């Protein structure tokens with residue numbers, strides 16, 4: 001068991017597994033897609049409307065990510081905060097009772113060494 005865990009911690013194997021999973025998910029999503037129908041549907045929409053709707057999705061994400069930076073009183077990048085907020089959203093879908101809100105604290109603590117008490121004191 002110890003050998004298996006040490007084997008799975010290898011960086012090249014982790015990258016390989018990530019790429020294989022990414023390709024498998026992409027294949028699953030795009031396998032039975034009618035591309036002609038997709039293109040015709042996208043051409044019927046107003047490009048300004050698509051950009052406006054995309055901004056309605058992305059601007060709140062950036063604001064919530066900035067909230068994590070401000071609440072933790074730490075100095076880390078906006079990309080790291082966006083990853084933490086996205087993790088909270090994904091974990092919130094599967095975790096019971098708002099436990100997904102603890103996922104960014106774990107992510108910032110374990111991956112980026114942000115002190116846990118600094119994220120909880122605000």
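Since every read-out is calculated from the coordinates, none of them should be taken as a lab result. Here the structure is a predicted model, which is why all the values come from computation and not from measurement. Please note: Cβ atoms are built from the backbone with ideal geometry, for glycine as well, and neighbour counts cover all protein chains shown.
Remarks
- When every Cα-Cα distance of region 52-120 is counted in 10 angstrom steps from zero, the calculated P(r) takes the values 22, 52, 24, 3 percent.
- Extension gain, residue 55-residue 24: 0.36 nm per intervening residue step, less the Cα-Cα distance, totals 8.2 nm.
- Peptide packing: for 85-93, 39-47, the average count of neighbouring Cβ atoms within 10 Å per residue gives the ranking 85-93, 39-47, highest mean first.
- Mean-position separation - Cα centroids, region 82-97 and region 53-74, in angstrom: 14
- Full-extension gain in nm, residue 79 to residue 63, via 0.36 nm per residue minus C-alpha separation: 4.5 nm
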